[in-house]
Amino acid sequence: MNPHQDQTLISVVIPTFNRFEVTCKAIDSVLEQTHQNVEVIVVDDVSTDGSFDRLQALYSSKSNKVRLIQNPVNAGAATGRNNGADVAKGEFIAFLDSDDIWLKEKLELQLKDYQALTKQANNIILYSPSEFQSPQGYRINPTRPLETNEKVEEYMFIHGQAIQTSGWFMSKKIFDQVKFTNNLLRHQDYDFVIRAQALGIKFRMSDKPLYSRGRGDHQQHVGTIRDDGFSQKWIDMVKPYISRKAYYYFVLNIIVPVVVKRAPSEALALVLKAACKGYPSFGKLKYTLLMWLKKARH
């Protein structure tokens, strides 16, 4: 370790389930960081493919910086992150999804940025853009930082800007104020940042992408939004904390495209309700109605 390097300990929590190979790549991307004083806490969600034992065998001899723990029962990534954070010893904490990979200077740059920013305020969470390959080619998201006084839910739901878990960096004290909602199976990053905002915590974006998203298993990473009513229940749960405009954009962008496949009339009712409330824009409403008509004809 470079004796002249900042020796601040940073805890990194990686939740995983049945993902041995991609989890190895994620762990190695932390061990290869230019900031070397890290502890890596890998939280296995009771994998069924033997990956927990394989990871334990590999990293027990490879690095003393890696610690593996296991959830008592299969409970999802949100609970896993909380369990990992509970045993974290670092002053700062960051999270990495098991199918994402950090750029080598991720922690070093964010630590420097955080230390500079917190000279003015200490209630900050840093986040970085990601880089990824889409069907349209190389992409970066978010494409711009959160503006002064812009609400995080409008930034995410209306403007399509992401504040995703693998790009976060914060003090352990800040994390302990918020924590993930245990057993929340989807929308975990949305849920966290909305509740953090409600506590007065501010978000600042790093200048450039600091991680690559979903190289291991993109389909598992982005997930599949199922038509099980979960998204509607979740958005209703956080409704008191978000703007009405953001609420209806979430309904139109996330819920309607799923519901329309099963029940076009139910989807149309959601669209019309949003229109009656004055959201969204005419262009967005027209697009949604055209999508509804296309699905309804099949």
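The values are calculated or read from the model by the stated rules, or taken from the named source; none is laboratory data. The shown structure was predicted, so the numbers you read here are calculated from the model rather than taken from an experiment. Every residue, glycine among them, receives a Cβ derived from its backbone with ideal geometry; neighbour counts consider all protein chains shown.
Tabulated data
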| quantity | calculated |
| --- | --- |
| Test: residue in the range 64-80 that is under 24 Å from residue 211 (Cβ atoms), touching a residue at least 24 places away in the same chain (Cβ under 8 Å) and in contact with a Lys or Arg (Cβ under 7 Å, 6 or more places away or on another chain) | no |
| Elements of type strands (runs of 3 or more DSSP E) contained in the range 103-185, each with 1 or more residues being within 26 Å of residue 255 (Cα to Cα), out of contact with any helix residue (DSSP H, G or I) (no Cβ under 6 Å at 6 or more places or on another chain) and not hydroxyl-bearing (Ser, Thr, Tyr) | 130-134, 137-141 |
| Yes/no for residue 252 being more than 22 Å from residue 200 (Cβ to Cβ), surrounded by fewer than 19 Cβ atoms within 10 Å (Cβ to Cβ) and either in contact with a Gly (Cβ under 7 Å, 6 or more places away or on another chain) or not assigned by TED's automatic domain parsing to the domain that holds residue 193 (or both) | no |
| Some residue of the range 86-95 being in a helix (DSSP H, G or I) and modelled with pLDDT of 95 or more | yes |
| Whichever residue in the range 189-227 is surrounded by fewer than 13 Cβ atoms within 10 Å (Cβ to Cβ) and in contact with a helix residue (DSSP H, G or I) (Cβ under 9 Å, 6 or more places away or on another chain) and, among such residues, is modelled with the lowest pLDDT | 226 |
| Any hit, the range 44-52, residues being in a strand (DSSP E or B), closer than 23 Å to residue 181 by Cα and of a type outside the set (Ser, Thr, Tyr) | yes |
| Checklist (1) crowded, with 20+ Cβ neighbours inside 10 Å; (2) more than 21 Å from the chain's Cα centre (by Cα); (3) assigned to a loop (DSSP other than H, G, I, E, B) applied to residue 98, failing item | (2) |
| The range 13-69, subset among the aliphatic types (A, V, I, L, M) and out of contact with any Ser or Thr (no Cβ under 9 Å at 6 or more places or on another chain), residue surrounded by the fewest Cβ atoms within 10 Å (Cβ to Cβ) | 57 |
| Matching entry among 238, 260, 271 (being β-branched (Val, Ile, Thr), at pLDDT 75 or above and either at negative phi or not in a helix (DSSP H, G or I) (or both)) | 238 |
